[in-house]
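Enquirer: Sharing a structure here in structure tokens format.
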Amino acid sequence: MRAPLHSAWLLLPLGAALVVACNDADDSASGLTHSASDTGDAGPPDGSPGKGGEPGAAGDEHNAAAPTKKGSVVVLSDNYIMTTTTSSGTASRSQAYESSFTASFVEAPLPSCEEHESSGCTVRTCNYTYGNPSSDAGIPVVRLPHAGGIRLSGMSTPITLTPTSSGLYANYFSQNSTFWYEGVDRTLTIDAEGADVPEFHGSLRAPNQAVIMKPLPAPLPSGGSTRMQFARDSSIDFEWANAGPAQVDVSLSQQASTGPSSFRLVTITCTFAGAARTGSIPAVLLSTLVAGTSEQGGLYTTVRAKTHVASPIVAGDWAIDWRLESNAKSSDDSSLYSYLVNLR
């Protein structure tokens with residue numbers, strides 16, 4: 001079974017409304033809203049394969065002093081093959097697309113999340129509470145800082161993210177359009193008009209969409225849905241192709257219940273040069289996760305991979321992570337590389 005794949009990379013039980021303890025603004029700001037119309041490109045201009053460009057120049061630096069506040073502007077674009085199965089068991093394959101444009105800014109470290117480097121990888125641990133937001137007391141309502149309207153251009157139709165009165169951006173998400181294609185050399189540009197966060201600008205050339213050659217899933221011995229099987233005392237070794245000059249991120253995320261209305265989310269992300277063509281999540285990090293079968297007892301473990309190009313921007317005392325991303329595809333059927341995992 002393939003795990004649902006969105007740029008937020010977060011699995012939640014269906015129907016659960018997420019309330020972030022201590023008003024965790026960064027993760028709540030990563031929620032995606034569906035667009036009313038397609039503003040990306042509809043369908044590739046040709047069927048020829050090719051490779052994307054290298055990262056573009058860094059954005060404007062408004063202040064050389066070390067920034068103390070954090071922001072992110074992330075654009076994601078995918079095209080892949082989606083397989084659907086009818087009630088009679090007949091499978092069909094069709095071209096599918098996905099694109100998103102998100103922005104968020106926070107002035108202080110998030111109280112419910114911790115992040116550290118280990119064995120060359122980043123480990124992020126967050127503790128969340130979910131429930132009915134209207135009935136939760138003691139969670140302050142705050143206004144988030146923002147950079148005013150942020151315009152993304154370089155596609156057929158530009159998109160502008162606009163902050164709400166609370167400072168939260170209504171992020172863009174579409175499942176039937178994409179911002180770039182293999183074989184098309186495309187540069188995307190962002191222009192922020194400035195507000196709490198000063199005006200900033202940046203440009204990047206779109207990355208390739210990598211193809212993961214290893215590991216690939218196999219059916220469970222007893223039958224049932226297809227998913228990954230990993231041992232916590234062994235590293236997970238990846239091989240890929242078509243990454244070009246971009247960076248490759250491989251990750252393992254685990255959501256585990258910690259109470260009737262709370263859970264812990266741990267994400268291990270290891271980043272490698274695309275040209276390396278191989279990389280591993282070390283066993284020492286896997287040993288910190290919970291063993292068990294996904295979708296049982298509130299446990300969800302997911303493996304994913306993507307490429308990215310990035311160009312950090314400094315605007316006053318803000319450090320802004322400006323990047324373009326593309327989720328990797330599986331070499332076995334060209335679907336997105338996103339699978340539930342059983343850990344033993």
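Enquirer: For the stretch 213-230, does any single residue satisfy the condition of being touching an Asp or Glu at 6+ places or on another chain (Cβ under 8 Å) and among the aliphatic types (A, V, I, L, M)?
Expert: Yes, some residue in the stretch 213-230 is touching an Asp or Glu at 6+ places or on another chain (Cβ under 8 Å) and among the aliphatic types (A, V, I, L, M).
Enquirer: Follow-up. Do any strands (runs of 3 or more DSSP E) entirely within the stretch 182-278 hold 1 or more residues that are touching a residue at least 12 places away in the same chain (Cβ under 8 Å), touching a Leu at 6+ places or on another chain (Cβ under 8 Å) and under 18 Å from V123 (Cβ atoms), and if so, which?
Expert: Correct list: 226-230, 236-241, 247-259, 262-273.
Enquirer: Give, as residue ranges, the strands (runs of 3 or more DSSP E) completely inside the stretch 291-344 that count at least 3 residues that are at pLDDT 90 or above and farther than 22 Å from S234 by Cβ.
Expert: 300-310, 313-315, 318-327
Enquirer: Could I ask something else about it? Do you know which residues across the stretch 169-181 are among the hydrophobic types (A, V, I, L, M, F, W, C) and either surrounded by 21 or more Cβ atoms within 10 Å (Cβ to Cβ) or more than 18 Å from the chain's Cα centre (by Cα) (or both)?
Expert: The answer is F179, W180.
Enquirer: What do you reckon, is S311 closer than 26 Å to K214 by Cβ, hydroxyl-bearing (S, T, Y) and either touching a helix residue (DSSP H, G or I) at 6+ places or on another chain (Cβ under 9 Å) or surrounded by fewer than 20 Cβ atoms within 10 Å (Cβ to Cβ) (or both)?
Expert: no
Enquirer: Can you find, within the stretch 182-220, the residue that is surrounded by the most Cβ atoms within 10 Å (Cβ to Cβ) among those that are under 20 Å from the mean Cα position of the chain (by Cα) and of a type in the set (A, V, I, L, M, F, W, C)?
Expert: Taking the candidates together, the pick is A210.
Enquirer: Of (1) buried (at least 18 other Cβ atoms within 10 Å of the Cβ); (2) at pLDDT 80 or above; (3) more than 19 Å from the chain's Cα centre (by Cα), G71 satisfies all except one. Which?
Expert: Of everything listed in (1) buried (at least 18 other Cβ atoms within 10 Å of the Cβ); (2) at pLDDT 80 or above; (3) more than 19 Å from the chain's Cα centre (by Cα), G71 misses just condition (3).
Enquirer: Got a number for residues in the stretch 73-121 being assigned to a strand (DSSP E or B) and of a type outside the set (A, V, I, L, M, F, W, C)?
Expert: 22
Enquirer: Mind telling me which of the residues S177, S203, S166 ends up being in contact with a Phe, Trp or Tyr (Cβ under 8 Å, 6 or more places away or on another chain) and either modelled with pLDDT under 95 or within 22 Å of A273 (Cα to Cα) (or both)?
Expert: Result: S177 is the single residue among S177, S203, S166 that is in contact with a Phe, Trp or Tyr (Cβ under 8 Å, 6 or more places away or on another chain) and either modelled with pLDDT under 95 or within 22 Å of A273 (Cα to Cα) (or both).
For every residue, the table says whether it meets (1) among the aliphatic types (A, V, I, L, M); (2) over 26 Å from S326 (Cβ atoms).
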position	(1), (2)
V250	yes, no
Q254	no, no
G259	no, yes
G274	no, no
T278	no, no
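Enquirer: Name the single residue that is farthest from the chain's Cα centre (by Cα) among those in the stretch 225-247 being charged (D, E, K, R) and modelled with pLDDT under 95.
Expert: So, considering only residues that are charged (D, E, K, R) and modelled with pLDDT under 95, the one farthest from the chain's Cα centre (by Cα) is D233.
Enquirer: Given the residues A319, A275, which is the only one that is surrounded by fewer than 18 Cβ atoms within 10 Å (Cβ to Cβ), over 30 Å from A192 (Cβ atoms) and of a type in the set (A, V, I, L, M, F, W, C)?
Expert: A275
Enquirer: Within the stretch 248-265, identify whether any single residue is closer than 27 Å to G183 by Cα, in contact with a helix residue (DSSP H, G or I) (Cβ under 7 Å, 6 or more places away or on another chain) and at pLDDT 95 or above, and answer yes or no.
Expert: Scanning the stretch 248-265, I find at least one residue that is closer than 27 Å to G183 by Cα, in contact with a helix residue (DSSP H, G or I) (Cβ under 7 Å, 6 or more places away or on another chain) and at pLDDT 95 or above, so the answer is yes.
The values are calculated or read from the model by the stated rules, or taken from the named source; none is laboratory data. Nothing here was measured: the structure is a model prediction, and the numbers come from that model. Virtual Cβ from ideal backbone geometry, glycine too; neighbours counted across all protein chains shown.
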